[in-house]
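Everything below concerns the one structure shown next.
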Amino acid sequence: MSEAVRQVVSHPAAGAATARAFAAYSPTTDLAPFTIPRRAAGPQDVQIEILYCGVCHSDLHTVRNEWESAMPTIYPCVPGHEIVGRVVKTGSEVKKFKAGDLAAVGCMVDSCRVCASCRADLEQYCENGMTLTYNGQDKHLGGVTYGGYSDSIVVDEAFVLSVSPKLPLAGVAPLLCAGITTYSPLRHWNVGKGQKVGIVGLGGLGHMGVKFANAFGAHVVLFTTSPNKTADALRLGAHEVVISKNEAELQKHAGSFDFILDAVSAEHDLNTYLKLLRRDGTLTLIGAPEKPLPVAAFSLLVGRHNVAGSCIGGIRETQEMLDFCAERGITSDIEMIRIQQINGAYQRLLKSDVKYRFVIDMASLKQ
Ligand code: NAP
Ligand code: ZN
């Protein structure tokens with residue numbers, strides 16, 4: 001698509017500014033430059049210059065419209081929900097932020113704020129639907145929300161997180177999705193000392209799962225399809241590594257896990273892992289593969305096993321997680337890329353070739 005056509009697609013409303021961005025124009029074409037509207041900061045808004053944005057496998061699922069039945073993708077789509085940057089401007093009623101502060105935005109930018117879930121600080125389960133950072137409904141400008149593969153964003157203060165200057169900023173970006181999505185279920189299911197915990201898949205989410213499960217004091221076993229990630233898994237905090245294609249190795253762990261966190265992005269056999277749970281153990285899915293994953297009844301009946309799911313985390317818990325990371329010096333292991341390398345990074349994600357999160361240096365948008 002020519003630059004002239006791209007400009008026509010965006011419609012900045014009165015009072016809004018434009019921002020540079022990268023967008024997917026269809027499920028099958030490469031991401032390319034795009035100009036998007038951003039609203040002028042209202043009284044409760046924080047305007048942020050985006051410095052870094054992590055690359056989540058959800059960006060790739062969305063760009064390719066793999067979640068069409070649950071949430072169809074609206075094109076052009078600007079992904080990105082692991083956003084960190086610097087506050088440029090604040091509205092007159094904003095209390096927590098001032099210009100120059102570091103700030104972050106994760107997977108949601110609003111919710112109804114009045115339902116039982118919102119009142120319980122679980123906005124990700126908002127009964128009227130949270131507003132996703134991208135591919136959501138833009139309540140202010142109309143149309144669709146655009147994410148962090150851009151140079152600026154304007155977000156209501158209630159959905160903006162504080163970032164400690166103690167941590168390397170680029171490594172903080174992935175905490176906004178990969179971090180909270182693993183922290184929240186490990187906390188919810190009370191993972192800690194004396195427990196044996198499995199993490200399945202050493203990608204962006206999985207490597208944060210290993211770090212948190214270790215920090216919470218559990219005995220951590222990492223399951224991977226990639227033998228070449230073994231040394232890294234041990235360095236990141238796993239106590240044992242199991243190559244999941246090796247049946248004999250899996251057998252050694254039968255009936256022994258209190259909790260397993262499954263962070264795999266593609267089709268795989270859940271029954272393999274359900275059999276490794278002890279009585280009343282739980283396997284929680286955080287990975288969201290395109291196709292359904294069959295569960296055999298006997299994988300659950302024998303041992304009274306539970307299979308569960310978990311979606312990101314609420315704003316209060318996300319801030320708690322960021323503060324925990326600042327205190328413990330925890331960040332994501334990242335590989336920095338320029339925005340122009342995004343299509344190659346997606347190809348590598350599909351091959352499980354990620355160590356362990358791509359983060360876009362947003363200064364590259366100007367190139
Ligand atoms: P990622 O960085 O691409 O990591 C996925 C990992 O899964 C790979 O590195 C690989 O680990 C393993 N894997 C890939 N294909 C596999 C296969 N066919 N069989 C077995 N293992 C395979 O992805 P991510 O960003 O961590 O995201 C993981 C999933 O979580 C995605 O589906 C994403 O959409 C979803 N997600 C969910 C939430 C939520 O709220 N629940 C939030 C964010 C993301 P090994 O090389 O170690 O095998
Ligand atoms: Zn994500």
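Summary of computed values
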quantity: Single residue of segment 27-61 satisfying the filter (open to solvent by 10 Å² or more (accessible area, probe 1.4 Å) and assigned to a helix (DSSP H, G or I)) that is farthest from Lys139 (Cα to Cα); calculated: His57
quantity: Any hit, segment 225-237, residues being away from ligand 1 (no atom under 14 Å from the Cβ) and crowded, with 20+ Cβ neighbours inside 10 Å; calculated: no
quantity: Residue match in segment 336-343 (condition: part of a helix (DSSP H, G or I), on the phi < 0 side of the Ramachandran plot, of a type outside the set (A, V, I, L, M) and open to solvent by less than 40 Å² (accessible area, probe 1.4 Å)); calculated: yes
quantity: Helices (runs of 4 or more DSSP H) lying entirely in segment 114-203 (those with 2 or more residues that are in contact (Cβ under 8 Å) with a residue 12 or more places away in the chain and open to solvent by less than 20 Å² (accessible area, probe 1.4 Å)); calculated: 169-172, 178-188
quantity: Candidates Ile330, Ile312, Ile286, filtered to the one that is away from ligand 2 (no atom under 16 Å from the Cβ), open to solvent by less than 60 Å² (accessible area, probe 1.4 Å) and not basic (Lys, Arg); calculated: Ile330
quantity: Arg64, sole failed condition from (1) over 24 Å from Asp353 (Cβ atoms); (2) within 16 Å of ligand 2 (Cβ to nearest atom); (3) open to solvent by 50 Å² or more (accessible area, probe 1.4 Å); calculated: (1)
quantity: Cβ pairs under 7 Å, 6+ apart, first in segment 302-331 and part of a loop (DSSP other than H, G, I, E, B), second among the acidic types (Asp, Glu); calculated: Arg304/Asp280; Gly314/Asp121; Gly314/Glu123
quantity: Some residue of segment 255-269 being without any contact (Cβ under 8 Å) to a residue 60 or more places away in the chain and more than 30 Å from Ala173 (Cα to Cα); calculated: yes
quantity: Hits in segment 263-301 - residues which are away from ligand 1 (no atom under 11 Å from the Cβ), assigned to a loop (DSSP other than H, G, I, E, B) and in contact with a His (Cβ under 6 Å, 6 or more places away or on another chain); calculated: Leu276
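Yes or no, residue by residue, for (1) open to solvent by 20 Å² or more (accessible area, probe 1.4 Å); (2) modelled with pLDDT of 95 or more; (3) within 16 Å of ligand 2 (Cβ to nearest atom); (4) of a type in the set (Asp, Glu):
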| residue | (1), (2), (3), (4) |
| --- | --- |
| Gly255 | yes, yes, no, no |
| Ala266 | yes, yes, yes, no |
| Arg278 | yes, yes, no, no |
| Leu293 | yes, yes, no, no |
| Ser299 | no, yes, no, no |
| Thr318 | no, yes, yes, no |
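The values are calculated or read from the model by the stated rules, or taken from the named source; none is laboratory data. Source: prediction; values computed, not measured. Cβ: placed from backbone, ideal geometry, glycine included. Neighbour counts: every protein chain shown. These accessible areas exclude ligands, DNA and RNA; they are computed on the full protein's heavy atoms, side chains included. Shrake-Rupley method; radii C 1.70, N 1.55, O 1.52, S 1.80 Å.
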